[in-house]
1. Go over the candidates 43, 24, 54 one by one and state the one that is modelled with pLDDT of 90 or more and under 17 Å from the mean Cα position of the chain (by Cα).
2. Please go through (1) at pLDDT 90 or above; (2) in a helix (DSSP H, G or I) for residue 4 and return the number of the only condition it doesn't satisfy.
């Protein structure tokens, strides 16, 4: 799945980085109270292209929701592919 679902000759790919709360029940490691969600939770980071999930990272909620987003775009996930930070001329963030 993933990038194989994209049209072969795409000129542009929009990657949607998003977070959501994953509420905790008990005293798990990395437990922090997140004021926006009003609970103790993890704050995973997801990457989607359209409705296709490409990547996910489980994170604690003690920092900003955007924490690690730029680093995630720069990592090579296929072991040889050009990363977004190396191949892009510009980046539009919404």
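The values are calculated or read from the model by the stated rules, or taken from the named source; none is laboratory data. Predicted model only: the values in this text are computed from it and were never measured.
1. On the way: 24 fails: under 17 Å from the mean Cα position of the chain (by Cα); 54 fails: modelled with pLDDT of 90 or more.
Of the residues listed, the single one that is modelled with pLDDT of 90 or more and under 17 Å from the mean Cα position of the chain (by Cα) is 43.
2. (1)
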